[in-house]
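Asker: Below you will find the structure I want to go over with you.
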Amino acid sequence: MNNLKEILNIESPIIQGGMGNISNATLAATVSNAGGLGTIGAGTMTPEVVEKIIIDTKNNTKKPFAINVAISVSSYTKEILKLIIKHKVAVASLSAGNPTSIIPKLKEHGVKVICVVASPKQAVKAERAGADIIVAEGYEAAGINSNLETTTMTLIPQVVNSVSIPVVAAGGIGSGKGLAAALSLGASGVQMGTRLIATREAPFHDNYKQMIIEADDNGTVIVGRSVGRVRRVMQTPYASYLLQKEKDGIDLDSFNNLTTEEQHIIGAINGELEKGFINGGQISGLISDIPTVEELFQSMLQEAKEQLQKATTLLD
């Protein structure tokens with residue numbers, strides 16, 4: 001029995017990563033309908049906007065979905081938490097901040113809590129506070145990343161050894177082989193973001209999807225390291241502009257002004273790659289098609305089973 005699936009009441013051990021202000025009901029509902037856990041990233045959106053997405057998602061799926069709250073990023077954390085409770089959202093995903101004081105209130109209302117961590121120490125702290133599930137995210141992941149820069153391969157077994165609740169692997173996963181690897185490392189499932197961008201239902205600009213499927217092993221780049229704001233993005237003209245600004249000695253406030261959610265929308269939704277950035281994980285180099293979400297999940301599960309069986313025979 002996979003406790004992750006039982007806790008979340010899902011059919012496949014696959015969770016959608018929070019996508020901040022480009023989150024939408026279409027993709028979240030599609031992921032849930034395909035058997036995974038769809039996720040709406042609250043990002044910096046106002047409670048009014050988030051509530052509309054919640055309602056739209058509920059109108060398009062009867063299955064569980066999650067709201068991701070980036071605690072230190074959003075100016076509306078308390079209001080978003082109230083919306084989770086008000087609309088009886090099944091799962092809350094907490095990231096980018098200390099979840100200790102938040103978890104008990106959510107648990108009082110029957111909300112399952114996922115905590116996104118970048119270290120075993122953070123995982124232990126989240127478990128003690130009452131988290132149901134840990135998502136351990138490696139340095140390969142898209143978007144804002146931990147300054148610890150620990151890879152998924154090394155992070156997952158350390159976190160698994162540190163806690164007793166299910167652990168989900170995130171960062172650098174987008175295929176059945178990746179799912180099999182995560183399970184072999186002790187994880188109970190995977191969380192994906194970049195791979196779900198490149199699906200037919202994802203309502204993002206074709207330029208974004210095309211960048212992902214054309215990417216090679218050098219298709220992503222880290223920006224913000226010089227100011228302690230690590231973010232993995234696709235290698236675009238705007239990414240090159242940001243890197244040049246860092247070489248010129250940009251400060252943190254100026255960097256933040258150039259990497260707002262608005263700039264992400266310009267790139268991801270409008271497709272203007274010289275005026276806005278697009279988040280992308282290192283898995284981009286292995287993505288070469290744009291399937292439906294259901295096709296993706298089915299192929300991943302089948303490939304994972306085949307890969308694990310193959311691995312067993314290699315040990316005989």
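Asker: So for region 160-205, what percent of the C-alpha to C-alpha distances run longer than 18 Å?
Answerer: Looking at region 160-205, the distances longer than 18 Å represent 36 percent of pairs.
Asker: If the convex hull of the alpha-carbon atoms of region 3-203 is projected onto planes in all directions, what is the mean projected area in square nanometres?
Answerer: Computing the convex hull of the Cα atoms and averaging its projections yields 9.6 nm².
Asker: Which one, Thr260, Thr57, Thr292, has the greatest fluctuation when you compute a Gaussian network model over the chain with C-alpha springs under 10 angstrom?
Answerer: Thr260
Asker: Go ahead and estimate [θ] at 222 nm for the chain from helices alone: -39,500 (n - 2.57) per DSSP H run with n ≥ 4, summed, over the residue count, rounded to 500.
Answerer: About -12500 deg cm²/dmol.
Asker: Compute the separation of the alpha-carbon centres of region 77-140 and region 185-254 and state it in Å as a whole number.
Answerer: Cα centroid to Cα centroid, the span is 25 Å.
Asker: Over the chain, what is the relative contact order in whole percent, taking alpha-carbon pairs under 8 Å and six or more residues apart?
Answerer: 16
Asker: Additional query: At a Förster radius of 45 Å, what calculated FRET efficiency corresponds to the Cβ-Cβ distance of Thr313 and Ser119, to the nearest 0.05?
Answerer: Calculated transfer efficiency: 0.80.
Asker: State which entries of Lys58/Lys105; Lys247/Lys275; Lys209/Lys310 exceed 27 angstrom in Cα-Cα distance in the structure shown.
Answerer: Those over the limit are Lys209/Lys310.
Asker: Go through 232-238, 295-301 and give me the packing order, highest mean Cβ count within 10 Å leading.
Answerer: Answer by packing, highest mean first, reads 232-238, 295-301.
Asker: Counting only the backbone N, which residues of region 41-59 are under 11 Å from the spot 7 Å out from the Cα of Glu11 toward its beta-carbon?
Answerer: none
Computed from the coordinates by the stated procedures, all read-outs in this text should not be read as laboratory data. Treat the numbers as computed from the prediction; the structure is a model and nothing was measured. Backbone-built Cβ (ideal geometry, glycine too); neighbour counts: all protein chains shown.
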